[in-house]
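The values are calculated or read from the model by the stated rules, or taken from the named source; none is laboratory data. None of these values were measured; they are calculated from a predicted model. No Cβ is skipped: glycine too gets one built from the backbone with ideal geometry, and neighbour counts run over all protein chains shown. To get the accessible areas, we keep the full protein, side chains included, count just its heavy atoms, and leave off ligands, DNA and RNA. Shrake-Rupley method; radii C 1.70, N 1.55, O 1.52, S 1.80 Å.
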Amino acid sequence: MEEAEEKKKYIAHVNLDTGEIQLLSEHLQNVALLCKENCPLPELENTSELTGRVHDIGKFREAFQYYLEDIVENGDAAAKRSIDHTTAGGRYVWHLKEKAKAEPKSKCVSIITAKLISTAVYSHHGLLDVVSPIEGEALHEVRDKKEIDYENTMQRCFEEISERQLQELFQKSEIEVQKIAARIGTVITKDQRLRYGSRNYYLGMYERVLQSLLIDSDWSDTASNAKKEPLPHRIFAEATVKIWKECSENLEEKLAGFRRAKEAQSSLNRYRQEISDQCKEAAESECSLYRLTVPTGAGKTLSSLRFALDHAKKYGKRHIIYVAPYNSILEQNAEVIREAVGNAGVVLEHHCNVVIEDEKENADHQRLTENWDSPIIVTTAVQLLNALFSGNKRDVRRMYALCDSVLIVDEVQAIPLRCTELFSLAMNFLSAFGKTTVVLCSATQPSLVPLQQNCLLPCREMIPNLEEYSKYFERTRIIDRTNLVKGGMAIGDLKEFVDEQYEKYKRILIIVNTKSCAAKLYKVLKEEYGKIVWHLSTWMCAEHRKDVLGKIREELDEQERPVICVSTQLVEAGFDF
């Protein structure tokens, strides 16, 4: 009984509303459990568990416990203090490394193991430079100098945590890191390091996965305790495979309906079907890095989804993540994907234009966007790049969801040129080390030949006979009229040009490069042509834009009805009228 009461003094969290506490031993155990359970990479399981077990042992510090007891007693009236509770855990990992010296293991492996775990611990409340720009010292060297009453803190820690168990976990972690280093050396050989990236880059990405797991597990346990809810457990293995099976069956039924339709007999639809079938066949392969280069209008969205569902089902992937560069394409393709899989509940749409009025539904949606805990995620290139590279903890939290998944990057040519090298290396990590199958989609794949280093690993073409199809999907003719007005057209010049084209074609789409230009031209044309003129812009909210687009489609369904649409660049790439 006395032992139980003794343990109660070591507090992890205090609920300011109720005054209730969470014991530190419980929090450390829960976070370690979630880190290991949620880990998508087998070679990080023990490392992630150890990271979870030591991340908050600095809270055993006497000063920190006094602070929490003050909060228990006085609530909001307690004096606000900033007390370091991350240094002790990171420092202890380096002590584990020193104790491991006697073992017949590589010294380099022990150092890498200590760096991986300690950096995640030091940074779980905010990412830190691994080398101090002020002192010019490594992070662990800077932390070693901090006064944190380390000996007393660890003495308290070992009253509740088995030191032997932590030592055993570190030894297991060293074995994992040894395998990771060997794996990197196998994929990125010495003569390829400049071309396909360095070992340190890929170790850094493993570090980010570890940080992601720790941040998500820490926040999830804290939230569950505050709400008095059980620990969240992700949908894995058998349940996920069942979802992929059901979604795949729904998609196949939808595609069968297309084939039965009368218009399916057209040559274009036959070619679309051939492309789709080749994507389905590719899903059987263990290849993890693909290019899907097909002409505009060839059915890229459903073909890539067909591949993803079959591949995820066969290889037990955790997520399918569809990424597009523009919100307009994303909104459109999210709806296509929901209809195709036949279950909107398994599709999470994550971008700034998602508005959900129902309070409970919105809360559920926000919770899912925090860590992408959904089978299918439809999101933007910005969110993808943030998960890979941002220093924001909320973005880092989603990083591990990218592993052991199928990642479809649509319109990949739209990735900014300044991000090309980092993006290529990230795709290398996910496909070669992250158990993720990456599909880079485009009608015009970017050329990576000019890069001398940090290149994308060799890709497999999902549609190797592209040239056979390209000529059949050439349905546009480009006529350069940019020299009509020297220095470029003013609104009046453009109005005259539209008048001329309207007489010939009756249905016109005008894309301009600024929102203000689109608004001015729309106003001028509206005065002339009335209700046949429509306007699309990112100034509109998503729902308004969707409503206008629906009305434009209704007009286009009437064969003889004239339509003039003035838009910004939101409709340019892959937009379906």
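Counting only protein heavy atoms and a 1.4 Å probe, tell me what percentage of the chain's accessible area is made up of carbon and sulfur.
Of all accessible area on the chain, carbon and sulfur atoms account for 50 percent.
Considering only the other residues whose Cβ falls under 13 Å of the Cβ of R338, what net charge follows from Lys and Arg at +1 and Asp and Glu at -1?
Net charge around R338: -3.
Using the heavy atoms of the protein chains alone and a 1.4 angstrom probe, what is the accessible area of region 111-267 per residue in square angstrom?
The answer is 53 Å² per residue.
Using Cα positions and a limit of under 27 Å, work out the lysines in reach of K179, with same-chain residues fewer than 8 apart set aside.
List returned: K36, K97, K99, K101, K105, K107, K115, K190, K314, K317, K435.
So how do 559-570, 141-152 stack up, highest first, on mean other-Cβ count within 10 Å?
The densest-packed peptide leads the list: 559-570, 141-152.
Report the percentage of all Cα-Cα pairs in region 142-267 whose separation exceeds 22 Å, rounded to a whole percent.
Cα-Cα pairs in region 142-267 separated by more than 22 Å: 72 percent.
Per DSSP H run of at least 4 residues, take -39500 (n - 2.57); add these up for the chain, divide by its residues and hand me the 222 nm value, nearest 500 deg cm²/dmol.
My calculation for the chain gives -17000 deg cm²/dmol from helical runs alone.
Could you quote the convex hull projected area for region 41-169, Cα atoms only and averaged over all directions, in nm²?
9.6 nm²
How large is the accessible surface per residue of region 6-69, computed with a 1.4 Å probe and reported in Å² as a whole number?
36 Å²
Hey, what's the per residue convex hull volume over the C-alpha atoms of region 467-577, in cubic angstrom?
137 Å³
Exceeding 23 Å between C-alpha atoms, which entries from my cross-link table qualify? They are K495/K531; K9/K172; K254/K280; K300/K504.
K9/K172; K300/K504
If you bin every alpha carbon distance in region 286-410 into 5 Å steps from zero, what whole percent lands in each bin?
Histogramming region 286-410 at 5 Å steps yields 2, 10, 21, 25, 22, 13, 6, 2, 0 percent.
Can you give the Rg and Dmax of the chain based on its C-alpha atoms, in angstrom?
Over the chain's Cα set, Rg and Dmax evaluate to 28.0, 93 Å.
Put Y122, Y67 in order of accessible area, largest first, 1.4 Å probe: what do you get?
Y67, Y122
What do you get for GluC sites (Glu not before Pro) in region 207-290 restricted to DSSP loop and a cutoff of at most 16 other Cβ within 10 Å of the site's Cβ?
E284, E286
Looking at the chain only, what percent of DSSP beta bridges run antiparallel? Nearest 5 please.
Bridges in the chain that DSSP calls antiparallel: roughly 10 percent.
Please report the equivalent ellipsoid semi-axes of region 2-86, computed as sqrt(5 x eigenvalue) of the Cα gyration tensor, largest first, in whole Å.
Over the Cα atoms of region 2-86, the ellipsoid semi-axes are 28, 13, 12 Å.
Once the Cα gyration tensor of region 331-481 is found, what semi-axes does its equivalent ellipsoid get, as square roots of 5 times the eigenvalues, in whole Å, sorted largest first?
After diagonalising the Cα gyration tensor, the semi-axes are 29, 22, 15 Å.
Give me the accessible area per residue for region 504-577, probe 1.4 Å, as a whole number in Å².
Accessible area per residue: 60 Å².
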